[in-house]
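Peer 1: Before we start, here is the structure in question, set down as structure tokens.
The values are calculated or read from the model by the stated rules, or taken from the named source; none is laboratory data. These numbers come from a predicted model, not from an experiment. Note that each Cβ is placed from the backbone with ideal geometry, even for glycine, and that neighbours are counted across all protein chains shown. Accessible surface areas use protein heavy atoms only, side chains included; no ligands, DNA or RNA. Shrake-Rupley method; radii C 1.70, N 1.55, O 1.52, S 1.80 Å.
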Amino acid sequence: MAQTSVLDWTVREVAEWLLKNGHGKYVKLFCDDHCIDGKALILLTESDIRNAPLSIQVMGDVKHLSASIRRLQLDNQQCLLSLGYDPGSFFSVPGSSSLGTNGLVHHYYSSSRNEGADLPLFMDSEQHHSTPPLSEDGRATKLQPEVWKALISLGYLFVVTWITAFVMVVVHDRVPDMKKYPPLPDIFLDNVPHIPWAFHMCEVTGTLLLFIWLIVLTFHKHRFILLRRFFALSGTVFLLRCVTMLITSLSVPGTHLQCNPRTLDSEVRKYGELWAKIQHAYIIWRGAGMSIQGVRTCGDYMFSGHTVALTMLNFFITEYTPRHLYFVHTFTWLLNMFGIFFILSAHEHYSIDVFVAFYITSRLFLYYHTLANNQALMQRDSNRTRVWFPLFSFFESSVDGIVPNEYESPVVPIRKLLIWIKECAWKFISPTVSELRQARRISNRRSEFKSE
């Protein structure tokens, strides 16, 4: 029975469970009279036990049965989810507001460990799929840096940035003729005059946000988890931007922009059109698409990449810094909003480009962190999560709650790295040292034998 899901239990297996947990006198009532199988058992509440048709009136028995069923529900929260029920609704304590769902789960698992009960905290995917315990405030109980995942997410972002740079070259050559297709009507652009230096100021604000984010990463204890989340989310948003840029080419938003397709020069005739596009893509990629780096492109309007970068940096800084740092949070939000204002004042994007960029970036950030912070939504064996959020399922498989904002000296990871390098080097060198020592001992024995 231990290898069978509760949902597959028959009436006979429910009878075995009742006997095992000391409720043998109710086997006839549950199994013979009311045909309660596993699916019905896991949905029972204390109210069901007290009231008709079960109508058990002995208070001690009611409490003991209720406790056993709650215990079963805690071990099989995924089964409740698959039936369309919220596990939290089964764990509320009547007349008590101080013990929430997470608190009850935490208390249950803690008491079980103290009593020496043989209860699985992390069930195998072929068993009951129970949720690992959370702390009382919902924080993760154990976090591993998993540097290799951060490296994979960095590789993902690297590939996406190259794809983005290449797509920007393609859409630049497809930009509509400014004489034939004038700028579209826009409430903001039609009422705010063009400010030539505004776009450079937008990139300066973005650079300042990046500097603050690097400081946070330097001192945050869980920096590698933050890095992989930042790389994964940024790569996903920019990959989506590649699709929207290719689908529709908007007309140039400002008459001051010089947006002409590239001319076919001798280089193109010598190496081919594809090679020329790759070279231009490298120039864009090397300069991170920034005008202060000498990069100038047109056609990449829907949606604004600068707004994505500003918003993503702002949200990550505010999420992973202490809540009492109101000055820092206010400052980053002001940088975010002023950066967007500078983009529009420079007439580099339509208002809809900026709005869509901010909305998509903020929603994706919030959806990702809602899933990561909620155990009921991030079950590792959930097929829906794997299909719709494959990157999330991979990167967050070992995170069981909210990542706390804990900080440490940047010297600590450097020291750990040096210790790891030393251990690896010793494992590599030690066999050679042992062989040399053994050879020396053999040589000494031979010399002693010859002297005798």
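Peer 1: Among the chymotrypsin sites (Phe, Trp or Tyr not before Pro) in the range 146-235, which ones are in a DSSP loop with at most 16 other Cβ atoms within 10 Å of the Cβ? Mind listing them?
Peer 2: Details: sites: 148, 156, 158, 162, 166, 188, 197, 199, 211, 213, 219, 224, 230, 231; in loops: 197.
Loop-located and lightly packed - 197.
Peer 1: Within straight cross-link reach of residue 221, meaning Cα distance under 18 Å, which lysines are found once same-chain residues fewer than 8 apart are removed?
Peer 2: Candidates past the 8-residue exclusion: 142, 149, 416.
Peer 1: Taking only protein heavy atoms into account and a 1.4 Å probe, give the accessible area per residue of the range 230-350 in Å². Write down the numbers at each step before the final one.
Peer 2: Values: 5670 Å² over 121 residues.
Here the per-residue accessible area is 47 Å².
Peer 1: First compute the accessible area of the range 153-301 with a 1.4 Å probe, then give the percent of it belonging to carbon and sulfur atoms.
Peer 2: Numbers: 5490 of 7940 Å².
Within the range 153-301, the accessible surface is 69 percent carbon and sulfur.
Peer 1: Mind checking which lysines have their C-alpha under 16 Å from residue 63, skipping anything on the same chain fewer than 8 residues away?
Peer 2: 25
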